[in-house]
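The values are calculated or read from the model by the stated rules, or taken from the named source; none is laboratory data. This one's a predicted model, so the numbers in the text were calculated from it and none came from an experiment. Methodologically, a virtual Cβ is constructed for each residue, glycine included, from the backbone with ideal geometry; neighbour enumeration extends over all protein chains shown.
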Amino acid sequence: MILQRPFRLFVSARFTVALLCLVALLLLLNVMLPQAAVLGEQSYAEVLQRSSPFARFVLESLRFGRMATSPVFLAVLALFFLNLVAVLAMRLGPTWRRIALRPRSEHGLQAWARLEESLGSPLPEAWSTAEVARALRGFGYQVRRPGERTYWAVKHRTAPLGFLLFHLSFLLFCAGGTMIFYTRFVGSAVLSEGQQFNGEYGSIERQRPLGAPPELRFSLETADPRFEKGEPVHLGAVFSFEQPGGALRRSARVNHPARWGTTSLLVNRAGVATVLWLQDESGFTLDRVVVPVRTRGQPTEIELADGSLRAFVHPLGENAAFPTRELLGQTALRLQATRESVVVFDGSLRPGAAAELDHGRLVLEELRYWVGVRIVSERGGGLLITGFIAGILGLIWRLLWYRRELALTWDEREFHLVGRSEFFSTRFRQELRSISSTLGGPSEDLQPAGRTTAGTGRGDDRG
């Protein structure tokens, strides 16, 4: 009894609205305030250094600059979901009783038909209770006969379950979001065609709080970069994933990553990789490397033979178009080679050409494509999709297949038809007139019938 009043306050519609407003305000601050996850740790630290003491208190002490882990945000979310669970638990019993096919008593239905506005009409000569029940079922109603001269009918009696399903979808969102937060891993790697990936990440943007980085084994079969004015516009690649029984090929395109279990690979960069072959005077191999080179900017430095020779591959010219696969064999790159800081070669080479050195030669064996791959592994996306579908179905179930209830009573002279609808009162009045006309009443000039206001009746939903 002592906790009954606080519990009623906790599950009240006002408290729920207040929590929703707080969540909306915090999400708005998440967009307005600088966030470490968006700026990166270094840029975020620079923002803090330039901020006032009050701003640093808001961003760091309250952790509004890291909203996803802010104690204030997490506390409000926890209250919201506790409120949601409490409301669902409280509504479960009344909802179950409401969807049951248990009509009011005959006395109660007759009192309802007499006290409220109803459609009244003289009793037709060919009045048949069996035909009346069949007519009501033809309009989609489930019919019960609690008395000799009384029918009770309900349409879409399970509509209140849509309320539970819609609110259950929020719990699915919570479970999916929590799972994504604790299992999401984001890393990147650069692969040349033919190269295999064995867990050598170039950088890790986000380490998952639970578990180690995903163990992946795949190779880049082919890349299909397309550029316009030096910018990638349509990057694609084919990856081969190792699995028992043979490799499995997956393609990636813009906004369509290659998927392997819970991991997705998205190509976000591309360029040209050089295959350099260093030989001695007798033609024996001293070193052979495949190195991605920069498409723009500074030259790419490559160490060969344990650093005894350094090669500098210059990027494509400012006005040079990115080579298509057909032109890779004809594309010339400027290459410089130094030994102990002394330039031993400086010129342009095409694939298959060699730079003659003092003690051997350096061959530009071929040009390949390389791609930058963003690797994302996470679990919980299926729960988010399920929650979204459940929310939409719950709204449709609750609002479009809304509950309607009828009471039909009669005596020797006339019958009375009364109804209640939760939504769309005008449409329900038209339905009542159609039912009355079918039963033998006049089809026009009828008085408005029934209480058709939304949200009336026993056990109404909220929210």
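Which ones in segment 172-197 are among the polar types (S, T, N, Q) and either more than 20 Å from G381 (Cβ to Cβ) or touching a Ser or Thr at 6+ places or on another chain (Cβ under 9 Å) (or both)?
T183, S188, S192, Q195, Q196
In segment 83-117, what count of residues is obtained for those that are free of Cβ contacts under 8 Å to residues at least 12 places away in the same chain and surrounded by 13 or more Cβ atoms within 10 Å (Cβ to Cβ)?
Counting residues in segment 83-117 that are free of Cβ contacts under 8 Å to residues at least 12 places away in the same chain and surrounded by 13 or more Cβ atoms within 10 Å (Cβ to Cβ) gives 3.
Among G211, G194, which is out of contact with any Gly (no Cβ under 7 Å at 6 or more places or on another chain), surrounded by fewer than 16 Cβ atoms within 10 Å (Cβ to Cβ), touching a residue at least 12 places away in the same chain (Cβ under 8 Å) and within 26 Å of R294 (Cα to Cα)?
G194 is the lone residue from the list that is out of contact with any Gly (no Cβ under 7 Å at 6 or more places or on another chain), surrounded by fewer than 16 Cβ atoms within 10 Å (Cβ to Cβ), touching a residue at least 12 places away in the same chain (Cβ under 8 Å) and within 26 Å of R294 (Cα to Cα).
Could you check segment 348-375 and list, in sequence order, the residues that are more than 21 Å from P292 (Cβ to Cβ) and surrounded by 13 or more Cβ atoms within 10 Å (Cβ to Cβ)?
Result: A354, L357, G360, R361.
Condition check ((1) in the same structural domain as S128 (by TED's automatic domain parsing); (2) loosely packed, with under 13 Cβ neighbours inside 10 Å; (3) modelled with pLDDT of 90 or more) across all residues:
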residue: A390; (1), (2), (3): no, no, yes
residue: L393; (1), (2), (3): no, no, yes
residue: E412; (1), (2), (3): yes, yes, no
residue: F424; (1), (2), (3): yes, no, no
residue: D461; (1), (2), (3): no, no, no
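Would it be correct to say that N198 is of a type in the set (S, T, N, Q) and under 22 Å from the mean Cα position of the chain (by Cα)?
no
When you go through G140, G120 one by one, which is the residue that is out of contact with any helix residue (DSSP H, G or I) (no Cβ under 8 Å at 6 or more places or on another chain), among the small types (G, A, S), more than 25 Å from A13 (Cβ to Cβ) and surrounded by 15 or more Cβ atoms within 10 Å (Cβ to Cβ)?
Testing whether each residue is out of contact with any helix residue (DSSP H, G or I) (no Cβ under 8 Å at 6 or more places or on another chain), among the small types (G, A, S), more than 25 Å from A13 (Cβ to Cβ) and surrounded by 15 or more Cβ atoms within 10 Å (Cβ to Cβ) leaves just G120.
It is to be established whether one or more residues within segment 66-75 are under 26 Å from V186 (Cβ atoms), surrounded by fewer than 14 Cβ atoms within 10 Å (Cβ to Cβ) and touching a residue at least 24 places away in the same chain (Cβ under 8 Å).
The answer is yes, given that some residue of segment 66-75 is under 26 Å from V186 (Cβ atoms), surrounded by fewer than 14 Cβ atoms within 10 Å (Cβ to Cβ) and touching a residue at least 24 places away in the same chain (Cβ under 8 Å).
Enumerate the strands (runs of 3 or more DSSP E) found wholly within segment 344-435, keeping only those where 2 or more residues are free of Cβ contacts under 8 Å to residues at least 40 places away in the same chain.
Answer list for segment 344-435: 354-357, 414-421.
Return the residue satisfying two criteria in turn: it lies in segment 178-195 and is more than 21 Å from A78 (Cα to Cα) and of a type outside the set (A, V, I, L, M, F, W, C), and of such residues it is nearest to the chain's Cα centre (by Cα).
Within segment 178-195, the match that is nearest to the chain's Cα centre (by Cα) is R184.
Tell me, which residue of segment 317-340 that is in a loop (DSSP other than H, G, I, E, B) and within 18 Å of T300 (Cβ to Cβ) is farthest from the chain's Cα centre (by Cα)?
Here the answer is A332.
Quickly run through segment 251-303 and pick out the residues that are free of Cβ contacts under 8 Å to residues at least 24 places away in the same chain, assigned by TED's automatic domain parsing to the domain that holds L357 and surrounded by fewer than 13 Cβ atoms within 10 Å (Cβ to Cβ).
S282, G283, F284, T285, G297, Q298
Quick check on G307: is it surrounded by fewer than 18 Cβ atoms within 10 Å (Cβ to Cβ), modelled with pLDDT under 90, of a type outside the set (K, R) and not in a strand (DSSP E or B)?
yes
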